[in-house]
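The block underneath contains the structure these notes are about, expressed in structure tokens.
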């Protein structure tokens, strides 16, 4: 039995493997990017660093609210905050172009639930 020599290399299995790898990379890249919001924090000359265990609330420039890396509507935000104790530290990270109406609504929910340990995250002005 004689082994045949091929004139060219069969690249179809190689292409199949590359397509599978490309699919995996694209799938994981969408999951990785979901947790990141592009925020332009307001600047302050009186910033101080605080190292506490904080619950994080983020408001982007479109008014979308994220609490603990989970997107919530303004109507559902109150339900997410009710189980928190009054001693819970909450940090607000709001884009500098956040609609003021959204910011005031979030603060009014905090007041209603008597959550008073709130800090607003800013960048140090240079």
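Out of 37, 52, 57, 41, which single residue is closer than 20 Å to residue 74 by Cα, at pLDDT below 85 and either in contact with a strand residue (DSSP E or B) (Cβ under 7 Å, 6 or more places away or on another chain) or surrounded by fewer than 10 Cβ atoms within 10 Å (Cβ to Cβ) (or both)?
37
I'm trying to understand the selection: among the residues of the range 94-104, which are buried (at least 17 other Cβ atoms within 10 Å of the Cβ) and either in contact with a helix residue (DSSP H, G or I) (Cβ under 8 Å, 6 or more places away or on another chain) or over 12 Å from residue 64 (Cα atoms) (or both)?
Answer for the range 94-104, where residues must be buried (at least 17 other Cβ atoms within 10 Å of the Cβ) and either in contact with a helix residue (DSSP H, G or I) (Cβ under 8 Å, 6 or more places away or on another chain) or over 12 Å from residue 64 (Cα atoms) (or both): 94, 102.
If you check 61, 114, 86, which single one turns out to be part of a loop (DSSP other than H, G, I, E, B) and at positive phi?
Sole residue among the options that is part of a loop (DSSP other than H, G, I, E, B) and at positive phi: 114.
The values are calculated or read from the model by the stated rules, or taken from the named source; none is laboratory data. Just so it is clear, the structure is predicted and the values come from calculations on it, not from any experiment. When we count neighbours, we look across all protein chains shown, and the Cβ atoms used for this are built from the backbone with ideal geometry, even at glycine.
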